[in-house]
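Colleague: Questions regarding the structure given below will be posed in turn.
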Amino acid sequence: MRTTRLSFAFICFQSNLLLASPIEEQINDFITKVEIPRLTQIYPEAAINITLNNLAALNYLPECESQEVQINNQRPEATRRTNYEIKCDSPSWKSYIPVTQTITIEAIKTTVPINRGQKIDQSNTGLAKVDISTLRGQVFGKKNPPYGLVASRNLRINTFITDMNTDMPTLVAKGDAVLITASSGNIEVKMNGVALENGTKGQQIRVKNSSSNRIIYAKVVTDSEVLVNY
């Protein structure tokens, strides 16, 4: 009797294995037709690899009478780990399978140490491949190089450049003489002024009108001009 029960359990286990295969194929089909194209659209030049984890759990799922299971990525914004929800209507069941993704791109990194405030350009950077899940912030590549930005902290050699470790360069420094351009519709007036604080391009800073001594806020346009809109 014991041998019969063990044989029956083994047969059921083999049956589950056979039933799990179509589900796994459907998940792989979902990866090929949905997830890879979706991620490729976000990361056009990336090498994308998606691995299913804990496949053994699929062996215990009941057969879906409709033959087609519904698959949904629980964290489409994830770059490293996510879960796929697997659902069947008849019989009604739901399960989850963990997924690991690697999204490898060419990004710009330091080739020499860069000091805080130092300008980033082609002379101190180069291209290398990196899994973006290992980095924080927006990564810079060939199509959006960080040239002209400055390091917001000391960067070691082989550090990938992101918006988390860079700043816009200071165009206007406190005490600089600037040309204040005030515009309202078709009317434009220019006057001399003095910057009362440092400013990057597009930043609003305090500026003193040299003629009236009035202090106003103006937007930095160039290294010698600020703009006021009325």
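Colleague: Based on other C-beta atoms within 10 Å, arrange I48, I23 from fewest to most.
Modeller: By the 10 Å Cβ count, ascending: I48, I23.
Colleague: Give me a comma-separated list of calculated 3J(HN,Hα) values for the range 131-140, in order, Karplus coefficients 6.51, -1.76, 1.60 applied at θ = phi - 60°, integers in Hz, x for any Gly or Pro.
Modeller: 7, 5, 5, 8, 10, 10, x, 6, 8, 9
Colleague: Over the alpha-carbon set of the range 63-152, work out the extent along each principal axis and list the three values in angstrom, largest first.
Modeller: Principal-axis extents of the range 63-152 (Cα, largest first): 63, 20, 17 Å.
Colleague: Could you list, in their original order, any pairs among K109/K143; K174/K208; K119/K208; K33/K143 whose Cα atoms are separated by more than 19 Å? Kindly include the intermediate steps, with their values, before the conclusion.
Modeller: On the way: K109/K143 14 Å; K174/K208 11 Å; K119/K208 29 Å; K33/K143 27 Å.
Where the Cα-Cα span goes over 19 Å, the pairs concerned are K119/K208; K33/K143.
Colleague: Continuing with the same structure: Working from the pairwise distances between different alpha carbons, so that the mean of 1/r is found and then inverted, what is the chain's Kirkwood radius in Å?
Modeller: 22.9
Colleague: Quickly work out the A128-to-W93 label distance, labels modelled 7 Å from Cα along the C-beta direction, and quote it in nm with one decimal.
Modeller: Result: 4.7 nm between the two label points.
Colleague: Return one number: the angle in degrees, 0 to 90 and rounded to the nearest 10, between the long axis of the Cα atoms of helix 2-30 and the longest principal axis of the Cα atoms of the chain.
Modeller: In the chain, helix 2-30 runs at an angle near 30 degrees to the longest axis.
Colleague: Next question. What net charge is computed for the residues neighbouring K208, neighbours being all others with C-beta under 12 Å from the C-beta of K208, Lys and Arg scored +1, Asp and Glu -1?
Modeller: +1
Colleague: Further, regarding this structure: Taking neighbour Cβ counts within 10 Å as the exposure measure, how do M164, M191 sort from fewest upward?
Modeller: Taking fewest neighbouring Cβ atoms as first place, the list is M164, M191.
Colleague: Taking the square root of 5 times each eigenvalue of the Cα gyration tensor, what semi-axes in Å does the equivalent ellipsoid of the range 170-229 have, largest first?
Modeller: Computed over the range 170-229, the values are 17, 13, 9 Å.
Colleague: Taking the Cα centre of the range 143-230 as origin, sum charge times position over the Cβ atoms of Lys and Arg (+1) and Asp and Glu (-1), and report the length of that vector in debye to the nearest 20. Provide the component values of the computation, followed by the final result.
Modeller: Details: 10 positive and 7 negative charges, 29 e Å.
Dipole about the Cα centre, nearest 20: 140 debye.
Colleague: Suppose only helical runs count, i.e. DSSP H with n ≥ 4. What mean residue ellipticity at 222 nm does that imply for the chain under -39500 (n - 2.57) per run, divided by all residues and rounded to the nearest 500 deg cm²/dmol?
Modeller: Estimated from H runs of four or more residues: -5500 deg cm²/dmol.
Colleague: Here's a follow-up. Roughly how big is the chain's charge dipole about its Cα centre, with Cβ charges of +1 (Lys, Arg) and -1 (Asp, Glu), in debye to the nearest 20?
Modeller: With only Lys, Arg, Asp and Glu charged at Cβ, the dipole is about 980 debye.
FYI, it's all coordinate maths here, none of it is from the lab. Since this is a predicted model, take the numbers as computed values, not measurements. Note that each Cβ is placed from the backbone with ideal geometry, even for glycine, and that neighbours are counted across all protein chains shown.
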